[in-house]
Amino acid sequence: MTMVLDTFRVTGQEPDARLESRSGAGVRAVRASDGHAAYLKVTPATLGAPAIAAARRELRFYAEVAPIAPVRAPRLLDYLDAESGVAVLLEAAGETRQASAWTTGMWADLGRDLAGLHSMAIPTGADWQHPDALQEALIDPNLDEINSFWAPTLPHLGELLARRVELMEQTRAVPPAFVHGDCHTANLVHSAGAIVFCDWQAAGIGRPASDLAFLSVRATPTGTTVPPALVDAYLDTRACDRRTLQRALLAEELAVFVFLWPAFAAFNTPEGIARVRRRTRELAQRWFSADAGVTPRHPQGNHIDSP
Ligand SMILES: Nc1ncnc2c1ncn2[C@@H]1O[C@H](COP(=O)(O)OP(=O)(O)OP(=O)(O)O)[C@@H](O)[C@H]1O
Ligand SMILES: [Mg+2]
């Protein structure tokens with residue numbers, strides 16, 4: 001990190017200004033040589049090949065796609081791509097807000113932004129395919145982990161496991177697009193009324209439903225329900241069948257909770273876990289009752305994914 005600080009001629013704002021980082025990359029608030037606030041994100045090669053691939057994907061996004069993307073992203077001030085690792089220096093683009101502080105208007109703005117991103121032509125000149133944890137888990141689920149977490153509280157578990165191919169097909173009902181891939185409120189900063197998208201390590205070709213559903217996956221443990229304004233604004237901006245999108249969203253969020261979330265439960269509080277258990281039961285009930293096939297245009301309740 002010290003070597004990179006010297007190379008970029010930046011200074012750390014505080015001795016221990018590291019931010020929460022699940023990817024293992026080190027992110028620090030720094031001052032660029034011109035005095036402007038910036039963020040330095042360093043991924044050392046010691047984190048392994050997948051981490052370096054993700055860091056290079058993010059660098060490629062900032063260098064090649066961000067200038068033409070229809071959403072805002074921090075400006076890339078400098079970078080380093082070496083055998084020892086990858087570093088990006090980004091302008092400080094704004095401040096995050098907790099999901100509970102997001103207004104309906106902010107969720108609607110985000111819905112429009114995501115619709116724009118997903119409508120963008122997939123950039124050429126680089127391979128934007130990458131591994132997909134949810135699809136892998138649906139094909140080859142970790143049954144011990146899933147059973148030990150869900151069997152006590154999810155009555156539908158057996159049938160969900162048995163029908164996982166159907167669940168997977170539904171998550172893919174909306175055609176692939178260029179997606180952010182890690183879309184949650186801690187990766188979205190606010191500046192002068194606009195939303196700026198950070199953390200593009202998982203960007204690439206993916207399921208549009210994944211960006212929308214992941215917002216709810218990450219908001220649920222905090223006790224926040226994403227309002228219908230997100231999807232309504234998305235659908236106002238992008239030609240997409242409402243019923244198909246709602247079905248894909250329901251399948252996506254349910255599948256993430258059942259097939260992937262058990263591995264992350266340990267990072268959550270007992271209260272957060274209880275909320276996820278409650279939400280997943282509701283989603284499963286909705287998924288099974290949607291078999292009957294009646295879909296209101298504006299679903300009852302404050303959920304993004306009502307059928
Ligand atoms: N350019 C920026 N402007 C403002 N805030 C930023 C910027 N870059 C990063 N941040 C803040 O630092 C946090 C961590 O950065 P980032 O998400 O890129 O790292 P990460 O290691 O991939 O994080 P995680 O894996 O936890 O999602 C972000 O969630 C955001 O709050
Ligand atoms: Mg992040």
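Using the Cα gyration tensor of region 193-299, with a ≥ b ≥ c the square roots of its eigenvalues, what is the shape: rounded (a/c below 1.5), prolate (a/b larger than b/c) or oblate (neither)? Before the final figure, lay out each step's value.
Numbers: a/c = 1.68, a/b = 1.10, b/c = 1.52.
The shape class here is oblate.
For residue 285 and residue 169 in the same chain, what is the full-extension length gain: residue separation times 0.36 nm, less their Cα-Cα distance, in nm?
On the way: separation 116, 0.36 × 116 = 41.76 nm, distance 1.86 nm.
Extra length available between residue 285 and residue 169 comes to 39.9 nm.
Using only alpha carbon pairs under 8 Å that are at least six residues apart, calculate the relative contact order of the chain and give it in whole percent. Each step should come with its number before you reach the end.
Values: 494 pairs, mean separation 55.2, N = 307.
It comes to 18 percent, rounded to a whole number.
How would you classify region 182-252 from its alpha-carbon gyration tensor, with a ≥ b ≥ c the square roots of the eigenvalues: rounded for a/c under 1.5, else prolate if a/b is greater than b/c, otherwise oblate?
On the way: a/c = 1.38, a/b = 1.34, b/c = 1.04.
Taking the square roots of the gyration eigenvalues as a ≥ b ≥ c, region 182-252 is rounded.
At a Förster radius of 35 Å, what calculated FRET efficiency corresponds to the Cβ-Cβ distance of residue 98 and residue 45, to the nearest 0.05? Don't skip to the answer; put the middle values down first.
Values: r = 34 Å, r/R0 = 0.97.
The calculated FRET efficiency here is 0.55.
Which longest uninterrupted range of the chain lacks any GluC sites (Glu not before Pro) assigned by DSSP to a loop state (not H, G, I, E or B) and surrounded by at most 10 other Cβ atoms within 10 Å? Can you show the working numbers first?
Values: sites that count: 20, 83.
For GluC sites (Glu not before Pro) (loop position, at most 10 other Cβ atoms within 10 Å), the longest site-free span of the chain is 84-307.
Lys/Arg Cβ at +1, Asp/Glu Cβ at -1, dipole of the chain taken about the Cα centre: which of 142, 96, 84 is farthest positive-ward?
Towards the positive end, the residue furthest out is 96.
Report the calculated FRET efficiency for residue 7 and residue 119 (r = Cβ-Cβ distance, R0 = 41 Å), to the nearest 0.05. Working shown, then result.
Details: r = 38 Å, r/R0 = 0.92.
In this case the efficiency is close to 0.60.
Return the FRET efficiency for the residue pair residue 239, residue 133: r is the Cβ-Cβ distance, R0 is 30 Å, and the value is rounded to the nearest 0.05. Intermediate results must be reported in sequence, preceding the final value.
Working: r = 29 Å, r/R0 = 0.96.
Between residue 239 and residue 133 the formula returns 0.55.
Calculate the dipole size of region 71-128 relative to its Cα centre from +1 charges on Lys and Arg beta carbons and -1 charges on Asp and Glu beta carbons; express the result in debye to the nearest 20. Write out the running numbers ahead of the final one.
Details: 4 positive and 8 negative charges, 72 e Å.
The calculation lands at about 340 debye.
Can you check how the C-alpha radius of gyration of the chain compares to 2.2 N^0.38 Å, as a plain ratio?
On the way: Rg = 19.8 Å, N = 307, 2.2 N^0.38 = 19.4 Å.
It is 1.02.
Relative to the longest principal Cα axis of the chain, at what angle does helix 49-60 sit, 0 to 90 degrees, rounded to 10?
Helix 49-60 sits roughly 70 degrees off the main axis of the chain.
Considering amide H positions built from the backbone, and no H for Pro or chain starts, which residues 5 or more places from residue 77, or on another chain, come under 5 Å of its amide H?
Those lying under 5 Å, H to H, from residue 77 are 89, 90, 91.
Over the Cα atoms of region 51-94, Rg to Rh with Kirkwood Rh, two decimal places?
On the way: Rg = 10.7 Å, Rh = 11.0 Å.
Using only Cα positions, Rg/Rh for region 51-94 is 0.97.
Read-outs: derived from the displayed coordinates by stated rules, not from any lab. Given the structure is predicted, the values throughout are model-derived calculations rather than measurements. Note that we place each Cβ from the backbone using ideal geometry, even for glycine, and neighbour counts take in every protein chain shown.
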